[in-house]
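Quick note: the coordinates plus some simple rules give every number you see, no bench work behind them. Predicted, not measured: the structure shown is a model, and the values here were computed from it. Glycine gets a Cβ as well: all are built from the backbone with ideal geometry, and neighbour counts include every protein chain shown.
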Amino acid sequence: MDIDFTPTAYTVKDPGNGKPRRYDDNDGYTEDGKRELERLVELYPNAARFVVGDHFVQEWCRAYDASCWSGSGGYGLDSTRVFFKLAEAGLGQAKFS
């Protein structure tokens, strides 16, 4: 499955100041988020159909950043929680025949 990482207008709430933001390649997190999505797509290919790549990267980066702000340094980040939160949202919008 090819993952589309094309940037969208999707923003997340900055864990530091609460303002809307987008993470980009200059933040240093996005490549890790992309690799994590690729790993999860291999594990859950059917659920991955409902996850937008850019949205996952943004949410994953926000969760990682929040984890760093909390003092855990990113350890203990539950990537599957981010993944399935987005899959659940995608399933809610899906139309089945």
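Dividing the mean sequence gap of close Cα pairs (under 8 Å, 6+ apart) by how many residues the chain holds gives a relative contact order of 31 percent. Projecting the Cα atoms of 16, 5, 41 onto the charge dipole of the chain (Cβ charges, centred on the Cα centre) puts 16 farthest toward the positive pole.
Can you tell me the FRET efficiency between residue 49 and residue 17 if r is taken as the Cβ-Cβ distance and R0 is 30 Å, rounded to the nearest 0.05? Once rounded, the FRET efficiency stands at 0.30. Its DSSP H runs of at least 4 residues, each contributing -39,500 (n - 2.57), put the calculated 222 nm mean residue ellipticity of the chain at -16000 deg cm²/dmol, to the nearest 500. Net charge of the neighbourhood of residue 27, taken over other residues with C-beta under 13 Å away and scored Lys/Arg +1, Asp/Glu -1, is -2. Within the shell defined by Cβ-Cβ distances under 11 Å, the residues around residue 16 carry a net charge of +2, with Lys and Arg each +1 and Asp and Glu each -1.
Let me know the longest stretch in the chain that avoids all chymotrypsin sites (Phe, Trp or Tyr not before Pro) found in a DSSP loop with at most 12 other C-beta atoms within 10 Å. Between the exposed loop sites, the longest stretch runs 1-74.
For the chain, the longest principal axis of the Cα atoms and the long axis of helix 79-93 meet at an angle of about 50 degrees. Once every Cα of region 28-91 carries one equal point scatterer and solvent is ignored, give the base-10 log of I(q)/I(0) from the Debye formula at q = 0.18 Å⁻¹, two decimals. Debye curve over Cα of region 28-91, log10 I(q)/I(0) at q = 0.18 Å⁻¹: -0.58.
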